[in-house]
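Engineer: One structure follows; several queries about it will come next.
Bear in mind that the values in this text are calculations on the coordinates, not laboratory data. Here the structure is a predicted model, which is why all the values come from computation and not from measurement. Every residue, glycine among them, receives a Cβ derived from its backbone with ideal geometry; neighbour counts consider all protein chains shown.
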Amino acid sequence: WDTGRKKDKKKPKKSKKREETKMEMPGSSARLGVDTEQATRTDAVGQDIQTGLVIERVGDRLLIQPDRNKSARWICSQRARLCDAQIVVGDRVEFFAFEDNSESADESADGSGKGAVNSGEQPNPEGGGPKYGQLRGVVVDHLERQNLLQRPSGGGNVRKMKTIAANVDQLMIVVAGEPLVPLLTIDRMVVAAHEYDMQPILVLNKVDDEEHTQPFRESIRHFEKLGYRLMEVSVKTGQGMHTLRNQLRGKTSIFVGQSGVGKSSLVNVLLPGANVKVGELVRSKKKVGQHTTSSSHLFHLSGDNEDDSAGDIIDSPGIREIGLWHLPTEAIKEGFVEIYEHSQRCRFRNCDHINSAGCAILEGIEAGAVHPKRYESYMDLLK
């Protein structure tokens, strides 16, 4: 936390107070799993510190699902020292509730406005249910992350990164034969999955349209040979949806795909009512945000049932694909695992992989070990 240390140097008097209230994270808190018996603890000044999951973020407001009451939703702010931490959907955090929030308020649904935002997932926009927008706690820290999914901010500013989600297990790459998805786009997503330590899964949608699906299916078969899973589904007929749900079980997944491939339709089938539930913070009475489409949200596939094994989906409507222009060249090379392996055997260290003698990549293409289209994507992304 470099920002906190810099502030300490500039304002040593305030840093002393900050050190007194800083939370020492127990060894168990570094795990991504949840031990409900240790979902709360007390800090040095007597505050009841809980752990929870970030369900949604709009501006500097975080919607938290407490571990000790997973049906509750709490709107929290965050400590000033965490402003540069980019706490996002999927983060596991430590927070404390304000003293006027009673234990019984977690289950309140009488419109008193105390405690949880809602005892379930679904808000009442007509105002007949619990109040929204009122702060109920403060996030004091985030726990150890498995990964962070990031992209350059708008305008292609590679110096400023926008964090999208945390602790993502699977990148579900939705493709289709119509509209035709370029192979370069798929390779870009696969490289991104490697960079952010996620498992890439190819989801071939609209397989009921055999006329367009068949030639496209053959063009992406080489991904299966490389060990990547290819799933065929159809929202229209329901084909493959049961298998897709099984793939999502016990994992946190995020769907990406270019416009028209049916990403939103897939998510809506997997999460009935998701369009209604998105934007709990956005619809708050204090109008924390204005645009639901820019608000990422984590959904439990179990719905309101507390079945952790069902899996989670992070829906981020603004994410169609992830750019790689901010990545170092070496990271892009390593994302093409089979090509990178061959490149280590080139005769010359400065091999250009175009017409250099002893190029192991070109030899791999001739031997059928490297697919020509993968090679084309490799060279395009390195330009």
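Engineer: Could the peptides 208-219, 262-273 be put in order, highest first, of the mean number of other beta-carbon atoms found within 10 Å of their residues? Provide the component values of the computation, followed by the final result.
Structural biologist: Details: 208-219: 13.6, 262-273: 17.3.
Listed from highest to lowest mean packing, they are 262-273, 208-219.
Engineer: Also, quick follow-up: Taking H as built 1.01 Å from N, whose amide H comes closer than 5 Å to the amide H of Ile164, not counting residues under 5 places away?
Structural biologist: Result for Ile164 returns Leu149, Gln150, Arg151.
Engineer: Counting only C-alpha contacts under 8 Å and six or more residues apart, can you give the relative contact order of the range 53-92 as a whole percent? Numbers along the way, then the final one.
Structural biologist: Values: 56 pairs, mean separation 17.3, N = 40.
That works out to 43 percent.
Engineer: Also, quick follow-up: How large is ³J(HN,Hα) for each residue in the range 249-259, as worked out from phi by the Karplus curve 6.51 cos²θ - 1.76 cosθ + 1.60 (θ = phi - 60°), to whole Hz, x for Gly and Pro?
Structural biologist: 4, x, 10, 9, 10, 10, 9, 10, x, 6, 4
Engineer: Ranking request for peptides 59-69, 167-177, 368-378: highest mean number of other beta-carbon atoms within 10 Å first, then the rest in descending order. Please list the in-between numbers first.
Structural biologist: On the way: 59-69: 19.8, 167-177: 23.5, 368-378: 17.0.
Packing proxy ranking, top to bottom: 167-177, 59-69, 368-378.
Engineer: On a 19 Å Cα-Cα criterion, which of the cross-link pairs Lys225/Lys373; Lys206/Lys373; Lys333/Lys373; Lys206/Lys263 come out too long? Provide the component values of the computation, followed by the final result.
Structural biologist: Numbers: Lys225/Lys373 14 Å; Lys206/Lys373 23 Å; Lys333/Lys373 15 Å; Lys206/Lys263 11 Å.
Lys206/Lys373, as the Cα separations exceed 19 Å there.
Engineer: For the range 262-271, in order, what is each residue's ³J(HN,Hα) by Karplus, 6.51 cos²θ - 1.76 cosθ + 1.60 with θ = phi - 60°, in whole Hz (x at glycine and Pro)?
Structural biologist: x, 4, 4, 5, 4, 5, 5, 5, 6, 10
Engineer: Label points 7 Å out from Cα along the Cβ direction at Arg349 and Asp60: separation in nm?
Structural biologist: About 5.0 nm separates the two model spin labels.
Engineer: Then there's this: Convert each backbone phi in the range 50-61 into a coupling constant with the Karplus relation 6.51 cos²θ - 1.76 cosθ + 1.60 (shift: θ = phi - 60°), then list the ³J(HN,Hα) values in order as whole Hz, x for Gly and Pro.
Structural biologist: Using θ = phi - 60°, the values come out as 10, 10, x, 10, 7, 8, 7, 9, 9, x, 9, 9 Hz.
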